[in-house]
Amino acid sequence: MATTSKGTIKYKIISRKNPQEPDGAPTYYAKAVQDRSMDFEDFVSHMSDHNSPFSRGVIHGVLTDMLDCLQELVLDGKSVRLGELGLFSVGLTGKTAATQQGWDPSLIEGVKLNVRNTKTWSNAELRKRCRLSEMSAYDDGTDEDETGEEEEGGEDGPVVQ
């Protein structure tokens with residue numbers, strides 16, 4: 001289903017010091033923020049309310065089965081493309097070794113879900129389809145998202161999300 005509607009991306013301006021330059025001045029950048037979250041049941045209701053011929057129960061069942069199958073397939077080493085939403089696959093995080101012979105599985109620290117976007121969900125396309133709006137109220141400056149969870153930092157420094 002294609003849509004040409006524009007959404008509004010809310011952001012706040014935050015400062016952060018570069019960890020590689022601890023004595024340097026902080027820099028300021030925009031960070032995308034969410035002012036509310038939608039749980040699975042609310043998402044199902046939202047879909048059902050959008051002129052869908054399917055009941056909440058049917059949508060709930062299909063999406064629940066889709067999530068179960070998606071997890072099963074990516075954990076089996078497959079990449080799964082869900083139309084224009086993206087390509088889902090599994091990735092690893094961990095430590096490096098100086099040589100191939102010196103590497104062993106104990107260096108793997110974590111498993112993560114990778115989602116690669118597609119043409120209609122590309123970063124450039126998303127930017128065209130949104131308006132930006134600065135949050136009117138700021139929190140205490142901690143690096144928590146609106147759900148209270150710490151955000152993972154990137155290795156390349158701050159980026160506009």
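For the structure I just gave you, tell me whether S136 is polar (S, T, N, Q) and surrounded by 11 or more Cβ atoms within 10 Å (Cβ to Cβ).
no
Since V62 meets every condition but one in (1) modelled with pLDDT under 90; (2) within 28 Å of G7 (Cβ to Cβ), which condition does it not meet?
Unmet for V62, out of (1) modelled with pLDDT under 90; (2) within 28 Å of G7 (Cβ to Cβ): (1).
Picking from D76, D68, D49, D35, which residue would you name as being under 25 Å from R131 (Cβ atoms), modelled with pLDDT of 90 or more and of a type outside the set (V, I, T)?
Values: D76 fails: under 25 Å from R131 (Cβ atoms); D68 fails: under 25 Å from R131 (Cβ atoms); D35 fails: modelled with pLDDT of 90 or more.
When all the criteria are applied, what remains is D49.
Regarding V58, is this residue of a type in the set (A, V, I, L, M) and within 23 Å of W121 (Cα to Cα)? Steps first, please.
On the way: of a type in the set (A, V, I, L, M): yes; within 23 Å of W121 (Cα to Cα): no.
So V58 does not fit the description; no.
The values are calculated or read from the model by the stated rules, or taken from the named source; none is laboratory data. Note that this is a predicted model, so its numbers are computed, not measured. Cβ sites come from the backbone with ideal geometry, for glycine too, and all protein chains shown count toward neighbours.
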